[in-house]
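Taken together, the values in this text are just the output of simple stated rules run on the coordinates, not laboratory data. These numbers were taken from a predicted model, which means no experiment stands behind them. We place every Cβ from the backbone using ideal geometry, glycine too, and count neighbours over all the protein chains shown.
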Amino acid sequence: RADAEKFQFQAEVSRLMDIIINSLYSNKDIFLRELISNASDALDKIRFLSLTDKEILGEGDVAKLEIQITLDKEKKILSIRDRGIGMTKEDLIKNLGTIAKSGTSAFVEKMQTSGDLNLIGQFGVGFYSVYLVADYVEVVSKHNDDKQYVWESKADGAFAISEDVWNEPLGRGTEIRLHLRDEAQEYLDESKLKELVKKYSEFINFPIHLWASKEVEEEVPADEDESSDEEETSESKSSEDEGEEDDAEKEEDQKKPKTKTVKKTTYDWELLNDMKAVWLRNPKEVTDEEYEKFYHSLAKDFTGEKPLAWSHFTAEGDVEFKAVLFVPPKAPHDLYESYYNSKNSNLKLYVRRVFISDEFDDLLPKYLNFLKGLVDSDTLPLNVSREMLQQHSSLKTIKKKLIRKALDMIRKLADEDPDESNDTDKKDIEESDSNEKKGQYTKFWNEFGKSIKLGIIEDATNRNRLAKLLRFETTKSDGKLTSLDQYISRMKSGQKDIFYITGTSKDQLQKSPFLERLTKKNYEVIFFTDPVDEYLMQYLMDYEDKKFQNVSKEGLKIGKDSKDKELKESFKELTKWWKGALAAENVDDVKISNRLADSPCVVVTSKYGWSSNMERIMQSQTL
Ligand code: ADP
Ligand code: MG
């Protein structure tokens, strides 16, 4: 368009578009999912605003919260239209080109190594997937606060914006027009689109309509032409009087049965998605496959991997809500990268079926931010601002119940994993059922174990429940992961404490002189090799009435030894000499120890001081 205002794409966005347009990625279908998801987001936004301002929706068709797909086979255009919030001119400039989101460069980087384009939605740049199938895209948009504009780009580094004086007014919302590439003509095929919408958008909570053709067969008198069609169609609307006439007509038909069948093509809006929300259904009636698909759409996770676990429940009492929680199969790329700046919760909040926000922080504590899911509350008020909701007293109760359910779900994942069980009989009985659950907890632990540890540090109320979920290797676990309960079940008679040692790696720790005597006496010692373990053990003092003992610290007691006193006496002078020789600034004390077997001496840290591993961690942090 000649008088359009031109803009350059931000550099990272431009690179992203190059990657997409040159991609050999075969699954080009994903663009449709991204566009429908954007349309749905836009509809959610306007519906949310309409809670406090009814006028905002407008009247008539404009107020219909729906998505419409149309195909123009001649011009090779696929259009997706929503009556959502729309974009002002400024929104178009910012959202579609000039402001790179944090995910943009992360995604570009990922694509250059081993990236799966399918993940595009998770990085917040899903819109640009349109260039997988189109070489020219127009975005027509009308926001309540601005005029109607057209954004257009051929993905050549620039885009243009002009006030729309060509198209029919949208009322409100956005229409994305894809001028399909030659090799993407399949997206003009109605049946293909129906199949895709079914596949990708089953859980979109707005009706999706396709302007679709319908073949209707009609009986017409053999010797008459199409002009009789009109009569046929008017039949359905006929009043009683006309009905009598019709009967007369039929009789006539029977007299001279010269009719023929003609096929006629009509067009109409066809509803493509079934809208009953999963979380409102009875859990008993939802299949595993439906939960899995629901997870994929909710989490925008289209890798095809199944969620590790889910929990679907209704809370009753003074605070009523329904919720579905999922443990994803994989941790997102940046889960622990910026933990303290990240969101607390990745749950979507609905109030009485209306989507409110997916940035509602107070639903879960930070350590559970790896969970995906949804909460639909009947107790929270609908017509107040997000800020007011955030203050609402029932949130505390919701949060408490969600944590409890989340931890139950994770414990169940462990309980049902045959690898976790010591009980071999049970394994045989449930073999077929448990095969699928085998190794699932280890998978969970490898992805999200750190979150459980952070939970122990942060959440005093649930510390014991979380400690049950801890896994680690020990001197006796034979390279496998084990739990505190399993450790306790193997404790020697008379053993009071749980022994552990911290360091950088299992290999290094296995050689530690601190272990000599303990291993010789057949005690089991836990290896803690993750930097976070040092912090963890400052919060985890005991478990099931057993105290934790760091074997590299002063004051280690390994059962009673009758010779202790005797030894102390006879080496009294030597101990004194050593203390003098090493000087007070180097060591706090010199003592007779019963922890060694082969090594003559060992340096230990004081009971209340930092372990040497902790000192190492602190040093690496300040450097
Ligand atoms: P994301 O949806 O993750 O934010 P996208 O690349 O899919 O990322 O979309 C970029 C932005 O463009 C959206 O955040 C939104 O602001 C805007 N946008 C895209 N499609 C629409 C639409 N149909 N209606 C209104 N705004 C839209
Ligand atoms: Mg999107």
Q.
Need the full-extension length gain, ASP53 to ILE488, defined as separation in residues times 0.36 nm minus the C-alpha distance. One decimal, nm.
A. 150.6 nm
**Q.** Shape call, the stretch 476-606: gyration tensor on alpha carbons, a/c limit 1.5
**A.** prolate
Q | Phi to ³J(HN,Hα) by Karplus 6.51 cos²θ - 1.76 cosθ + 1.60 over the stretch 151-162, Hz, x for Gly, Pro | A | 9, 8, 7, 9, 6, 10, x, 9, 9, 10, 10, 9
Q | Interchain or long-range residues, amide H under 5 Å from VAL351's placed H | A | ILE356, SER377
Q. What pairs from LYS366/LYS557; LYS192/LYS306; LYS348/LYS412; LYS76/LYS101 go past 28 Å between their alpha carbons?
A. LYS366/LYS557; LYS76/LYS101
Q: Using DSSP to define loop residues, name the trypsin sites (Lys or Arg not before Pro) in the stretch 1-95 whose beta-carbon has at most 12 other beta-carbon atoms within 10 Å.
A: LYS73, LYS75
Q: At 7 Å along the Cα-to-beta-carbon direction for both SER213 and SER393, put a label point, then send me their distance in nm to one decimal.
A: 6.3 nm
Q. Taking 0.36 nm per residue of separation and subtracting the Cα-Cα distance, what length does fully extending GLU305 through LYS568 add?
A. 88.5 nm
(Q) Placing unit charges on C-beta atoms (Lys and Arg positive, Asp and Glu negative, everything else neutral), compute the dipole magnitude of the stretch 404-543 about its Cα centre in debye, rounded to 20. (A) 520 debye
Q. Given PHE355, LEU335, PRO365, which one lies farthest toward the positive end of the charge dipole of the stretch 281-374, if we put +1 on the Cβ of every Lys and Arg and -1 on the Cβ of every Asp and Glu?
A. PHE355
Q: Sticking with the crude label model, points 7 Å out along Cα→Cβ, report the distance from GLU292 to LYS260 in nm, one decimal please.
A: 5.2 nm
Q: Quick one: order SER477, SER421, SER191 by neighbouring beta-carbon count within 10 Å, fewest to most.
A: SER191, SER421, SER477
Q: If a/c stays under 1.5 just call it rounded; otherwise compare a/b with b/c (prolate if a/b is bigger, oblate if not). Do that for the stretch 472-523, with a ≥ b ≥ c from the square roots of the Cα gyration tensor eigenvalues.
A: oblate
Q) Are there chymotrypsin sites (Phe, Trp or Tyr not before Pro) in the stretch 314-419 that DSSP marks as loop and that have at most 11 other Cβ atoms within 10 Å, and which are they? A) none
Q. Can you list, largest first and rounded to whole Å, the semi-axes you get for the chain by taking the square root of 5 times each eigenvalue of its Cα gyration tensor?
A. 66, 29, 22
Q. Straight-line reach from LYS476: which lysines have a Cα under 17 Å away, not including same-chain ones fewer than 8 places off?
A. LYS492, LYS506, LYS511, LYS520, LYS521
Q. Where in the stretch 491-514 does the amide nitrogen come within less than 17 Å of the point 7 Å from the Cα of SER599, taken along Cα to Cβ?
A. 500-514
Q.
Treating only the Cβ of Lys, Arg, Asp and Glu as charged (+1, +1, -1, -1), what charge dipole size does the stretch 1-145 show about its Cα centre? Round to the nearest 20 debye.
A. 180 debye
Q) How big is the stretch 122-221 by Rg and Dmax over its Cα atoms, in Å? A) 17.1, 60
Q: Kyte-Doolittle cut-off 0.0, length cut-off 18 Å along the helix's own axis using Cα: show which whole DSSP H helices in the chain pass.
A: 30-52
(Q) Test of understanding: what is the full-extension gain from GLU544 to THR461, defined as 0.36 nm times their sequence separation minus their Cα-Cα distance? (A) 28.4 nm
Q | Amide H contacts under 5 Å for ALA134, placed H, 5+ residues apart | A | ARG181
Q: Sticking with the crude label model, points 7 Å out along Cα→Cβ, report the distance from LYS412 to LEU24 in nm, one decimal please.
A: 4.5 nm
Q. How big is the charge dipole of the stretch 484-623 about its Cα centre, in debye rounded to the nearest 20, if each Lys and Arg gets +1 on its Cβ and each Asp and Glu gets -1 on its Cβ?
A. 540 debye
Q: Can you find, among THR529, PRO169, ALA460, the residue farthest towards the positive end of the dipole of the chain? Put +1 on the C-beta of Lys and Arg, -1 on that of Asp and Glu.
A: THR529
Q) Looking only at GluC sites (Glu not before Pro) in DSSP loops with at most 14 other Cβ atoms within 10 Å, what is the longest site-free stretch of the chain? A) 75-223
